[in-house]
Amino acid sequence: MQPSARALAIAPSATLELAARAGAMKVAGEDVINLSVGEPDFPTPAPVVEAAHRALDEGHFHYTPTPGIAALREGIAKRYRAKLGLEIEAAQVVVSHGAKQALFNALATATDPGDRVGILVPGWVTYLEQVHALGCEAVLVDCPRENRFRPDLDQLRTAVRNGLRILVINSPSNPTGAAFTAEELGQILEILQEGEALLLSDEIYEDILFDRRKHESPFASRPGWLDRGCLVSGFSKAFAMTGWRIGFSIADRSWSRSMSALQGHVTSGINAVTQQAALVALESWDRVDPMRAAFEERRNHLLPRIQELPGVEVESPEGTFYLYMGVGDCLGEGGLASDVAALAGRILDEQKVVLVPGSAFGDDTSLRLSFAASIEDLDRAVDRLREIFR
Ligand SMILES: Cc1ncc(COP(=O)(O)O)c(C=O)c1O
């Protein structure tokens, strides 16, 4: 079978591919330290797990409403009413199979083939591939390291003036760890207002912020923006629930209806047991902060050690569990490798440490290290990296 042109335009997920390669090396008995994974290394909090057991005992075996059970949609609406200071109804919430599906729902229902979608780079690999899957055109807006991974506002303005249908932002950001301030978000919105572009804000790392930072959402205290925007978040990162597959979107009623209609023909409502567990997660925020604090401790431990590696440039991430290492000076003739993918391959082959090449995020000069790992493993990884970055 010859796949469609649209299908051929979709690249497989580089991070999942690397994780698979590392998994195979582990099975072969190699001492691999996998710092490529994008998930907390903690178990899901006990009350959430117990709720899932209970849900099975109580017989939650059957289909659920496509946009999620009423109590969960209301619980999510309540949380964001309080957080954003906005009127949000349960009907504006669609529960989906991870934030990933919520993002796809949002993009698929907001765009037609050929529409232009703004993506900040470096940015999470999936945005670009979802845009390709939908037959849309990606318009890349640079967020250079020199600008602390904030968007180049002139480029953004040009993109908006050239007719952007929707802009995707992600704060705190995977892979850079940059968390935009309210003022920086305000600047982005001001530029969007010069055109008609919609806003899709992926806030999946909203609970993993460091140095007492508060998460800023572009929608907070800006009621008008939920009429032309969609907030996506979920339970995966905050509650270590990546395998449960639950995320959600919040948008105006009509966009939410479209997303639910689409989801109804693709996957239907998500796993009934996961929804019961998520109801308990919504009452268990006290379980999130110890994990966040552990990530902060690891960041503090790791950062100076990575900063000492010759040729590596690295800023302190403001959130997430990623360190984004600039290695541009180590590439090319006379360097450690010809390009960043080759460098990641060399680090894996020679030192059995898995890092993600920035090429997966639209950036040829960086490597992403996930510190969702034990301090012991992080130390062992740094020892091995020293053998490469001499
Ligand atoms: C920026 C970003 N958005 C969304 C997701 C997807 O989250 P979920 O597992 O809930 O689908 C990820 C997962 O890695 C992510 O890094």
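Bear in mind these aren't lab numbers, they're just calculated from the coordinates by the rules spelled out. These figures come from a predicted structure and were not determined experimentally. Note that each Cβ is placed from the backbone with ideal geometry, even for glycine, and that neighbours are counted across all protein chains shown.
Below, the figures for the structure above:
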{"quantity": "Long-range amide H partners of GLY229 with built H, under 5 Å", "calculated": "LEU199, ASP252"}
{"quantity": "Dipole in debye (nearest 20) - the chain, about Cα centre, beta carbon charges: Lys, Arg +1; Asp, Glu -1", "calculated": "760 debye"}
{"quantity": "Trypsin sites (Lys or Arg not before Pro) restricted to DSSP loop in region 188-242 with at most 14 other C-beta within 10 Å", "calculated": "ARG212, ARG213, LYS214"}
{"quantity": "Most mobile listed residue (SER173, SER338, SER370) in the chain, GNM with C-alpha springs under 10 Å", "calculated": "SER338"}
{"quantity": "Spatial separation of Cα centroids for region 315-370 and region 171-200, in angstrom", "calculated": "26 Å"}
{"quantity": "Cut-off of 10 Å, at most 11 other beta carbons, DSSP loop: longest stretch of the chain lacking such chymotrypsin sites (Phe, Trp or Tyr not before Pro)", "calculated": "64-390"}
{"quantity": "Those GluC sites (Glu not before Pro) in region 316-390 that DSSP places in a loop and that have at most 11 other beta carbons within 10 Å", "calculated": "GLU333"}
{"quantity": "Lys/Arg +1, Asp/Glu -1 at C-beta; the chain dipole; positive extreme among THR109, GLY195, GLY229", "calculated": "THR109"}
{"quantity": "GNM flexibility winner over the chain from SER36, SER217, SER254 (Cα, springs under 10 Å)", "calculated": "SER254"}
{"quantity": "Residue-by-residue Karplus 3J(HN,Hα) for region 196-201, coefficients 6.51, -1.76, 1.60, Hz, glycine and proline x", "calculated": "10, 4, 7, 10, 10, 10"}
{"quantity": "Selected from ASP364, ASP154, ASP115 as most flexible by GNM, with the chain as the system and alpha-carbon contacts under 10 Å", "calculated": "ASP154"}
{"quantity": "Pairs of lysine residues in the chain - Cα separation under 27 Å, sequence separation of 8 or more or cross-chain", "calculated": "12"}
{"quantity": "Within-12-Å neighbourhood charge of TYR322 [Cβ basis; K, R +1; D, E -1]", "calculated": "+1"}
{"quantity": "Global form of region 260-323, assessed from the alpha-carbon gyration tensor, a/c cut-off 1.5", "calculated": "oblate"}
{"quantity": "Sites matching GluC sites (Glu not before Pro) across region 66-108 that sit in DSSP coil, with at most 11 neighbouring C-beta atoms within 10 Å", "calculated": "GLU87"}
{"quantity": "Region 53-70-region 124-152 distance, computed between alpha-carbon centres (Å)", "calculated": "37 Å"}
{"quantity": "Amide proton proximity set for LEU120, modelled H, under 5 Å, gap of 5+", "calculated": "VAL141, VAL168"}
{"quantity": "Options VAL121, VAL94, ALA71, ranked by Cα towards positive dipole end of region 66-137, top entry (Cβ charges)", "calculated": "ALA71"}
{"quantity": "Cα gyration tensor, region 204-287 - rounded (a/c under 1.5), prolate or oblate", "calculated": "oblate"}
{"quantity": "Calculated P(r) of the chain - Cα pairs past 31 Å, %", "calculated": "37 percent"}
